[in-house]
Amino acid sequence: MTEPLLSIRDLRTVFHTDEGLVRAVDGVSFDVGRGETVCLVGESGSGKTVTGESITRLIRTPPGEIAGGEIVFDGRDLTTLDEDELRELRGDRIAHVFQNPQGALNPVYTVGWQIVEAIQLHQDVTRAEARERGIDLLDRVGIPEATRRFDDYPHEFSGGMKQRVALAMALATNPDLLIADEPTTALDVTIQNQILGLLSELQAEFDMSILLITHDLGVVAEVADRVVVMYAGKVMERGGVFDVFERPSHPYTRALLDCLPGRGTGGARSIGGKLPSATDPPDGCRFHPRCEHAVDACRAGEQPPVYPVDGDDDHVVSCVHYEPGGDPSVVRGEEAVPTDGGRPVEGDTEEDDR
Ligand SMILES: Nc1ncnc2c1ncn2[C@@H]1O[C@H](COP(=O)(O)OP(=O)(O)OP(=O)(O)O)[C@@H](O)[C@H]1O
Ligand code: NI
């Protein structure tokens, strides 16, 4: 594999709060390859947004602080850059879009004016050239009558159209990496699908990498090349989208997938049990209090290291059942089939038998 565009190693981002230290991102590692879409998934509070915002240090300091790790982007460790260098990078080579496009748009100026500003901030072009480029971008993101709409104000666009405008602004400087944090969550399903389709098209056209943050596994199945599953600040599982969906290996990943309509036991809308406390997470595997497969080894010490699934270094899981000499069939019921002669394959039958 060629060198990834972005390589995050052992990232630690904390918040100093009145209730104590929140280890929002606690030793997270993953790569984003060139031209690849990597999805960061997990329930609310798992640290997805903080991970995305740590990359260009959008984290407010204080209370936030990047306490450790490396964020290597195109060969440079971003954690060593000063504020000026980061500003230069943000909105130029790395762009963000957020759930609420309102934040990206200033209500006081026309969208065209804002796009021209974004282009001129990073590129040495005339106003007329920037305008032409901006109209072209609005057109590319699917704004009808882009030339006429260019001089409209943000409030004159609907929610879905506003998100397209925000996307046009993000793409204005032809970024290498787009970090999209729940960009379609606030939109209705039809518009969601349009925007996601658009993202894929633009990705190919602009040859950029996308880090897409979402808790919607349906979206992940649609667009991801690779998946990083987070829980309580830790990576639980990481791998190619096909591997993770076909052979989900961490009990947490399996539980998440079981919540998808048409998969698993069906009916279940969310995982049982409570999310851990942000300031006082459990020892051992952070998921163990909600895990039906937890054993003593899961309850003490640190989060387990990541182990390859089926000897595949590209698909890894942080679960003691996968350590060398361990028995993953405890977690993945289907493994039991060849050994005991054709018992039912569902992962939860063992429990039902008891
Ligand atoms: N400014 C802050 N001060 C204190 N704690 C924070 C701050 N921002 C985030 N956190 C905490 O960091 C943890 C991770 O939050 P984060 O927003 O990254 O979760 P998320 O996975 O993006 O969730 P969601 O799906 O709800 O967006 C949470 O426990 C959250 O309360
Ligand atoms: Ni978030």
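The values are calculated or read from the model by the stated rules, or taken from the named source; none is laboratory data. Model, not experiment: these values are computed from the prediction. Quick reminder, even Gly has a Cβ in these numbers, built from the backbone with ideal geometry, and neighbours come from all protein chains shown. Surface areas here come from the heavy atoms of the whole protein model, side chains and all, with no ligands, DNA or RNA. Shrake-Rupley method; radii C 1.70, N 1.55, O 1.52, S 1.80 Å.
Pairing the Cα long axis of helix 189-206 with the longest principal axis of the chain, what angle in degrees results, from 0 to 90 and rounded to the nearest 10?
70
Using the basic label-point model (7 angstrom from Cα toward the beta carbon), what is the ASP188 to GLN102 distance in nanometres?
Distance between the two pseudo-spin positions: 1.9 nm.
Need one number: nm distance between label points at TRP113 and ASP225, each 7 Å from Cα along Cα→Cβ, rounded to one decimal.
Taking the two extended label points, one gets 4.0 nm.
Using Cα pairs under 8 angstrom and six or more residues apart, how large is the relative contact order of the chain, in percent?
Across the chain, relative contact order equals 18 percent.
Please give the contour-minus-distance gain from ALA297 to ARG9: 0.36 nm per residue of separation, less the Cα-Cα distance, rounded to one decimal in nm.
101.1 nm
Kindly state, as a whole number, the per residue volume in cubic angstrom of the convex hull around the alpha carbon atoms of region 123-249.
Dividing the Cα hull volume of region 123-249 by its residue count gives 126 Å³.
How far, in nm, would the chain grow between THR79 and ASP18 when pulled straight, counting 0.36 nm per residue and subtracting the alpha carbon separation?
Between THR79 and ASP18, full extension yields 19.4 nm more.
Run the numbers for LEU86 and ASP136: contour at 0.36 nm per residue of separation, minus the present Cα-Cα distance, in nm.
Computed gain between LEU86 and ASP136 is 15.2 nm.
So what is the accessible area of region 95-174 per residue, in Å², with the probe set to 1.4 Å?
48
When Rg is the radius of gyration of the Cα atoms in the chain and Rh is its Kirkwood radius, what does Rg/Rh come to?
Radius of gyration over Kirkwood radius for the chain works out to 1.01.
Using only DSSP helix segments of four residues or longer, with each worth -39500 (n - 2.57), what per-residue ellipticity at 222 nm results for the chain after dividing by its residue count and rounding to 500?
-8500 deg cm²/dmol
So how far apart, in nm, are the two label points at GLU156 and LEU275 if each is 7 Å from Cα heading toward Cβ?
Going from the GLU156 label point to the LEU275 one covers 3.9 nm.
Could you estimate the translational diffusion coefficient of region 173-234 from the Stokes-Einstein equation, with Rh from the Kirkwood formula over C-alpha pairs, at 25 °C and 0.890 mPa s, in whole µm²/s?
196
Could you sort the peptides 120-127, 300-307 by per-residue average Cβ neighbour count (10 Å cutoff), highest mean leading?
With the highest mean Cβ count within 10 Å placed first, the list reads 300-307, 120-127.
For LYS234, go through the lysines and keep the ones whose alpha-carbon is under 25 Å away, minus same-chain ones fewer than eight residues off.
LYS48, LYS274
Using Cα springs under 10 Å in a Gaussian network model of the chain, which residue among VAL241, VAL223, VAL295 shows the largest mean-square fluctuation?
Of the options given, VAL295 has the highest mean-square fluctuation.
Quick check for me: using +1 on Lys/Arg Cβ and -1 on Asp/Glu Cβ, what's the dipole size of the chain about its Cα centre, in debye to the nearest 20?
My answer is approximately 860 debye.
Roughly how compact is region 95-174, stated as its Cα Rg over 2.2 N^0.38 Å to two decimals?
Compared with the compact-globule rule of thumb, region 95-174 sits at 0.96.
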